[in-house]
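Working notes for the structure below.
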Amino acid sequence: MASVTVLGAGAWGTAFGQVLADAGNDVTMWAIEPDIVNAINTLHQNPVRLPVVNRLPDAMHATLGREEAVKDAEIIIVAIAAQFARQALDGFKGLIPPHAVVVSLMKGIERSTDKRMDQVVRETLGLPADRFACLSGPNLSKEVAQRQPAAAVAASESHSTAVKVAGIATTGYFKVFASTDVIGVEMCGSLKNVVALAVGMSRGAGFGENTAAMIETRGLAELTQLGVAAGAQAQTFAGLAGVGDLVATCGSPLSRNYTFGANLGRGMSVDEATKVSNGVAEGVPTTAAVVALGEKYGVDTPLASAMFRVLNEGISCEEMLADLFGDDMVDE
């Protein structure tokens, strides 16, 4: 169907590569780890990042070479950790074929600039809007890798580009819908991680369904207001990229952000939770970015501000919830 390259062979990149292969595409995985490249090519496995899959499709192969990875690609999928995206993509400048579409799977805000991933990708690679798309939704990599039914949204300023991306990534178990709201889909995917940290923290502290539902609902309202102020469409936050991803991320121990928050709720420090999680969850740097964006657009961000205090001052879950409630009587 298409020649597709996936930059990054982590759990989600590999799982999505399998989706693309199942959809009938020829898939090249690019990675910097020789053992992962070798395992994909010789064993048809990625035991380091995605051990749940016993055998990857034959249509998937891997390379360490940047030029080799993208030279024949019609569509290039970026599945790199958000905070390292600009650095990693810089090595692909001048190598991207002139008509290739670049699709970001990344969910995050760049810590040093407070920019969305669509801005980072397009700036770094010099891409016009009609050759960029982002894809997001309730997609826990392990469940997608097990071919459980799931869906996502592909967004591009060009509707035909979004439809093209949706077409090459749709299978019998994975459905992709098209959208033109790039800002909304990008903000949904990154900002919900802050809510997942707070929900995980409440669970780790021993609170139940009412508390989790309250955090999720107020968090969604906060993120929607911020998104609309930034130019997003409100309805996007009610769809797969918004509510859908929020439900999946806030309700599963498979979510790194939820788990990181739960460890905080159990009394761990940020450093301790980082060590247990083998790294910082994306919601941690995103929290400060949400607060900064709220200040930029004049939008109150009580949840993000409370989580910022958790991460930087070490306040307890009870104090975080008190901050979220606030002292003023307000309309919903």
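If the chain between ASP300 and ALA229 were fully stretched, how many nm would it gain, using 0.36 nm times the residue separation less the Cα-Cα distance?
24.4 nm
Mind jotting down the distance between the C-alpha centroids of the range 44-74 and the range 226-298, whole Å?
29 Å
Give the residue from HIS99, GLY10, GLY126 lying farthest towards the positive end of the charge dipole for the range 3-180; charges sit on Cβ (+1 for Lys and Arg, -1 for Asp and Glu) and the dipole is referred to the Cα centre.
Sorting the options by dipole projection puts first GLY10.
For the chain, return all DSSP H helices satisfying: extent of Cα atoms along own axis at least 24 Å; mean Kyte-Doolittle hydropathy at least 1.0.
Helices meeting the criterion: 182-204.
Charges only on Cβ, +1 for Lys and Arg, -1 for Asp and Glu: so what's the dipole of the chain about the Cα centre, in debye to the nearest 20?
820 debye
What are the semi-axes of the equivalent ellipsoid of the range 120-182, taken as the square roots of 5 times the eigenvalues of the Cα gyration tensor, listed largest first and rounded to whole Å?
23, 13, 9
Under a crude label model (7 Å from the Cα following the beta-carbon direction), how far is SER160 from LYS71 in nanometres?
Inter-label distance under the simple model: 2.9 nm.
With loop defined by DSSP as not H, G, I, E or B, and exposure as at most 12 other Cβ atoms within 10 Å, which is the longest segment of the chain clear of exposed trypsin sites (Lys or Arg not before Pro)?
94-332
Add -39500 (n - 2.57) for each DSSP H run of 4 or more in the chain, then divide by its residues: what number comes out at 222 nm, to the nearest 500 deg cm²/dmol?
-14500 deg cm²/dmol
Would you kindly state how much longer the chain becomes between ARG309 and GLN146 on full extension, computed as 0.36 nm times their sequence separation minus their alpha carbon distance, in nm to one decimal?
Working it through step by step, the gained length comes to 54.9 nm.
Top mean-square fluctuation among THR113, THR286, THR170, Gaussian network model of the chain, C-alpha springs under 10 Å?
THR113
Any number yet on Rg/Rh for the range 3-180, C-alpha, Kirkwood?
0.93
Taking the Cα centre of the range 25-133 as origin, work out the dipole magnitude from +1 charges on Lys and Arg Cβ and -1 charges on Asp and Glu Cβ, in debye rounded to 20.
It works out to roughly 340 debye.
Can you quote the Å³ per residue value for the convex hull of the Cα atoms in the range 151-229, rounded to an integer?
Considering the Cα atoms of the range 151-229, their hull volume per residue is 97 Å³.
Between VAL78, VAL195, VAL299, where does the largest GNM mean-square fluctuation fall for the chain, given springs only between Cα atoms within less than 10 Å?
Ranking VAL78, VAL195, VAL299 by mean-square fluctuation puts VAL299 first.
How much of the accessible area of the range 190-325, in percent, comes from carbon and sulfur atoms when a 1.4 Å probe is used?
Result for the range 190-325: 52 percent of the exposed heavy-atom area is carbon or sulfur.
Taking the solvent-accessible surface of protein heavy atoms with a 1.4 Å probe, what is the per residue accessible area of the chain in Å²?
42 Å²
How big is the charge dipole of the range 190-325 about its Cα centre, in debye rounded to the nearest 20, if each Lys and Arg gets +1 on its Cβ and each Asp and Glu gets -1 on its Cβ?
260 debye
Determine Rg/Rh for the range 190-325; Rg is computed over alpha-carbon atoms and Rh is the Kirkwood hydrodynamic estimate from the same atoms.
Reported Rg/Rh, Kirkwood definition of Rh: 0.94.
Given the chain, report the % of alpha carbon pairs whose separation exceeds 34 Å.
21 percent
For the range 1-86, what does the convex hull of the Cα positions come to per residue, in cubic angstrom?
Measuring per residue, one finds 85 Å³ for the Cα hull of the range 1-86.
How large, in percent, is the carbon and sulfur part of the accessible surface of the range 3-180 at a probe radius of 1.4 Å?
Percent of accessible area from carbon and sulfur atoms in the range 3-180: 50.
The values are calculated or read from the model by the stated rules, or taken from the named source; none is laboratory data. Here the structure is a predicted model, which means the values were calculated and not measured. Heads up, the Cβs are rebuilt from the backbone with ideal geometry, glycines too, and the neighbour counts pull from every protein chain shown. Note: accessible area is taken over every heavy atom of the protein model, side chains too, but ligands, DNA and RNA are not part of it. Shrake-Rupley method; radii C 1.70, N 1.55, O 1.52, S 1.80 Å.
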